[in-house]
Amino acid sequence: MNTLKLTLLIVQTFLLVYCLPIRAGEIQEVTPAAMVLSHAVMCESIEDFKPQNPAIVFSIDLGKVFCFTTFEQIKETTHIYHKWFQVDRLVSKKKLTLKPPQWSTISSMQLRMADRGPWYVEITDKDDTLLQRLRFSISD
Amino acid sequence: MIDALTFMASLRWQDFLDIGLNVFILFRLYVLFRGSRLIHIMPMVMVLWILKGVALSAGLVVTSWAIQGIIAAAALILIIVFRDEIASVFQARNLKTLLWGFPSRGDITSLDIIAQSTFEMGKNKIGALMVFPAAKEINDIIQGGIDWDGKLSREMLLSIFWDKNPVHDGALIIKGNRISRVGVILPLSRRNDLPSRYGTRHRAGLGLAESSDCLVIIVSEESGRVTVVKENEIQDIRNMEQLKIILEGHSGKGKKRNSALWKNMFEYGTSALVCLTLVTGIWFGLSRGRETLKTVVVPLEYTDIQKDFEIIESSTNTVTLHLGGSVPLLKSLGPEKIKIILKLNAASAGENIYTVSSKNILLPPGVHLKKVEPSSVTLVLDGTIAMQLPIQLNWSGKLSEQLILAQAQIKPQNITVTGPQKILKTITTLYTEKIPLNTINESGNREVAVILQPSSLKVPDKKNMVTVTYTVVKREEEPLQ
């Protein structure tokens, strides 16, 4: 069962990489030679390992917001970080594992009433090198 | 000695003016009221005033109140009782006399009357013969005449020598400031060397002078010329001053006048010194004697700050000063009259501690520093740098549930900001002002301002506006519940 899920995830990741366009404003800042961050987006939900309704503004009524990232050319099992910042304050740092050759990872943030305002998620590799910064806002 | 010099240095020019003006006013009041009864009562008022102070210092509250009441009532009564004297002082004199004049004594005035009347008679061609006896008795030499014993006055002299007056041809004898006898017949001189213009009146005057130590003034009826005769000496007099000097010399008033002048000068000098001592004493008693304390909160001022350096943090912006000084000085003292200046020319980046002491506090003279709170100020200074920072949009409000704000582009994406190095290093993102979502229905663009916080951050040319181009898509699924 697990093997089937993993195979499905890899296939979906592959499809996402080649089918979804790269959003404007999501410019890759650092591209390490070893692996490539091919897709990073903030979205309202994940369904069937696909980011749903990618956006830059999320209503607090959603209750949750997701950061979806896809990596390629992974040579060995490694890990990355999703660092969630509210304004400039680090709220959460999530360690996510990547496995070769392609891998998609997700992190999410449970929203509270006090979380309105500008946020960003920094995606860094295991050496804390910044790969991309995704900026978004939590609104009413 | 050092204390005395410090004390003298603490005096302001206003203090000297204050004392000087009051000494002058007091001295002028003394000069103007000198000789009047009012001036004799003033020491009593002073005694009452001193008594009031003694009573107050001894804790006799009611007594001091009573004396104060008496002084107030006495001042009112004195003004009412001596209103005529006060009025005469201020009415009869012009401003110059009030400010500078020194009234002359009455005994010198009789010589003025004689000199003035003599020349007035000469001008009007009224013949006159006036005898001023000295030490020798002359009753055996003169003849006739009528006892007069009247007070000397100009009108009296003119009326005696008026040509319709029965006694106008005789001589009159003046002793002191009184006319003792009129219509007196004098012995005639037998001299042959007299000029022809001298008539009987001159011969009579010379006759008496030859046989006595009298001084005789003769006014010629024909020429109006004034002649003075003493012993064998005949002298024509040209003006009143000359006559006055001769009269003073004869009566011994020249010496008396000099001694009177010295006496006056001594009296005025003494009274001026008394006034100075009194006013200085009162001034020091009022302004320096009663020390008090005052607390003033004064803002700090910074000078000589190096270029590209900014104060980013200060432990305090104000300092509380505990000051000592006289009651009137401290009453008029406000924070604007005090300066606390910290020179930052030697400051370095980072934390700098400055001691606030009398060296950097500028106080008005007469006010001294007791305590400073806080006694030191910590300033954090930093150099100014420029840095490019990314901008993040700050959306607010509520977007329509049917819409998704999919993406937005900012132009420019980064702006250059200058500010203190320490602050800028902690900033990773600049945020825009709040952009309302409620008004967004479709894709579009708008200009928004970037908020520069803290306020020490600056944007060159104040270009802190960016253009936002946003894309809105319609939600495919059901709206959120």
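The values are calculated or read from the model by the stated rules, or taken from the named source; none is laboratory data. Not measured: the values here are computed from a predicted model. Glycine gets a Cβ as well: all are built from the backbone with ideal geometry, and neighbour counts include every protein chain shown.
If B:LYS359 satisfies every condition in (1) in a strand (DSSP E or B); (2) out of contact with any strand residue (DSSP E or B) (no Cβ under 9 Å at 6 or more places or on another chain) but one, which is the exception?
Unmet for B:LYS359, out of (1) in a strand (DSSP E or B); (2) out of contact with any strand residue (DSSP E or B) (no Cβ under 9 Å at 6 or more places or on another chain): (1).
Within the range B:363-378, track down each residue that is aliphatic (A, V, I, L, M), modelled with pLDDT of 90 or more and out of contact with any His (no Cβ under 8 Å at 6 or more places or on another chain).
Result: B:VAL377, single match.
If you go through the range A:102-117 one residue at a time, do you hit one that is within 14 Å of another protein chain (Cβ to nearest Cβ), part of a strand (DSSP E or B) and at pLDDT 90 or above?
Yes - at least one qualifying residue is present in the range A:102-117.
If you go through the range B:407-431, how many residues are in a strand (DSSP E or B) and away from chain A (no Cβ under 13 Å)?
Residues that pass the stated criteria total 6.
Of the conditions (1) away from chain B (no Cβ under 14 Å); (2) aliphatic (A, V, I, L, M); (3) touching a Cys at 6+ places or on another chain (Cβ under 7 Å), A:LEU131 satisfies every one except a single condition; which number is it?
The one condition A:LEU131 does not meet is (3).
Scan the range B:439-472 for residues that are in contact with an Asp or Glu (Cβ under 9 Å, 6 or more places away or on another chain) and part of a loop (DSSP other than H, G, I, E, B) and jot them down.
B:SER456
Considering only the range A:105-125, I want to know if a residue exists there that is within 13 Å of the chain's Cα centre (by Cα), among the small types (Gly, Ala, Ser) and surrounded by 13 or more Cβ atoms within 10 Å (Cβ to Cβ).
Yes, the conditions are met somewhere in the range A:105-125.
Criterion first (of a type in the set (A, V, I, L, M, F, W, C), part of a strand (DSSP E or B) and assigned by TED's automatic domain parsing to the domain that holds B:VAL298) does B:LEU389 satisfy it?
No.
Out of the range B:442-451, which residues are under 18 Å from B:GLY397 (Cβ atoms) and within 14 Å of another protein chain (Cβ to nearest Cβ)?
Of everything in the range B:442-451, those that are under 18 Å from B:GLY397 (Cβ atoms) and within 14 Å of another protein chain (Cβ to nearest Cβ) turn out to be B:SER443, B:ASN445, B:VAL448, B:ILE451.
Name the one entry in B:THR378, B:THR384, B:THR320 that is closer than 30 Å to B:GLU433 by Cβ, in a strand (DSSP E or B) and away from every other protein chain (no Cβ under 14 Å).
B:THR384
Is one or more of the residues making up the range B:375-388 more than 42 Å from the chain's Cα centre (by Cα) and hydroxyl-bearing (Ser, Thr, Tyr)?
yes
If I filter the range B:232-287 down to residues being modelled with pLDDT under 85, of a type in the set (Gly, Ala, Ser) and loosely packed, with under 15 Cβ neighbours inside 10 Å, which single residue comes out as nearest to B:HIS202 (Cα to Cα)?
For the range B:232-287, the residue satisfying everything is B:GLY249.
Please work out if B:VAL54 is in a helix (DSSP H, G or I), at pLDDT 85 or above, surrounded by 10 or more Cβ atoms within 10 Å (Cβ to Cβ) and more than 28 Å from the chain's Cα centre (by Cα).
yes
Would you mention how many residues in the range B:390-406 are closer than 16 Å to B:ARG446 by Cβ and at the interface with another protein chain (Cβ under 8 Å from one of its Cβ atoms)?
Summing the residues that are closer than 16 Å to B:ARG446 by Cβ and at the interface with another protein chain (Cβ under 8 Å from one of its Cβ atoms) in the range B:390-406 gives 8.
Where in the range B:137-214 are there strands (runs of 3 or more DSSP E), lying wholly inside it, with at least 1 residues that are free of Cβ contacts under 8 Å to residues at least 40 places away in the same chain and either over 15 Å from B:VAL229 (Cα atoms) or assigned by TED's automatic domain parsing to the domain that holds B:LYS125 (or both)?
Because the criterion is at least 1 residues that are free of Cβ contacts under 8 Å to residues at least 40 places away in the same chain and either over 15 Å from B:VAL229 (Cα atoms) or assigned by TED's automatic domain parsing to the domain that holds B:LYS125 (or both), the strands (runs of 3 or more DSSP E) in the range B:137-214 that meet it are B:146-151, B:178-184.
What number goes with the only condition from (1) modelled with pLDDT of 90 or more; (2) more than 21 Å from B:ASP112 (Cβ to Cβ); (3) surrounded by fewer than 20 Cβ atoms within 10 Å (Cβ to Cβ) that B:ARG225 does not pass?
Of (1) modelled with pLDDT of 90 or more; (2) more than 21 Å from B:ASP112 (Cβ to Cβ); (3) surrounded by fewer than 20 Cβ atoms within 10 Å (Cβ to Cβ), only one is false for B:ARG225: (2).
Checking A:PHE68 against (1) among the hydrophobic types (A, V, I, L, M, F, W, C); (2) within 19 Å of B:ALA408 (Cα to Cα); (3) within 10 Å of another protein chain (Cβ to nearest Cβ): exactly one of these is not met. Which one?
Single failed check for A:PHE68: (3).
Among the candidates B:PRO454, B:PRO460, single out the residue that is over 21 Å from A:TYR120 (Cα atoms), at pLDDT below 90 and either within 12 Å of chain A (Cβ to nearest Cβ) or surrounded by fewer than 16 Cβ atoms within 10 Å (Cβ to Cβ) (or both).
Being over 21 Å from A:TYR120 (Cα atoms), at pLDDT below 90 and either within 12 Å of chain A (Cβ to nearest Cβ) or surrounded by fewer than 16 Cβ atoms within 10 Å (Cβ to Cβ) (or both) holds for just one of B:PRO454, B:PRO460, which is B:PRO460.
Run B:GLU373 past the list (1) of a type in the set (Asp, Glu); (2) within 30 Å of B:LYS343 (Cβ to Cβ); (3) within 9 Å of chain A (Cβ to nearest Cβ) and report the number of the one that doesn't hold.
The failed condition is (3).
Within the set of pairs 6+ apart or on separate chains, which have a first residue in the range B:1-26 that is among the small types (Gly, Ala, Ser), a second that is modelled with pLDDT of 70 or more and surrounded by 10 or more Cβ atoms within 10 Å (Cβ to Cβ), and C-beta atoms under 7 Å apart?
What qualifies is B:SER10/B:PRO365; B:SER10/B:GLY366.
Give me a count of the residues in the range B:109-136 that are assigned to a helix (DSSP H, G or I) and either in contact with an Asp or Glu (Cβ under 8 Å, 6 or more places away or on another chain) or closer than 16 Å to B:ILE245 by Cα (or both).
Number of matching residues: 11.
How many residues does the range A:42-58 hold that are closer than 18 Å to A:TYR120 by Cβ, touching a residue at least 60 places away in the same chain (Cβ under 8 Å) and part of a strand (DSSP E or B)?
So the count comes out to 3.
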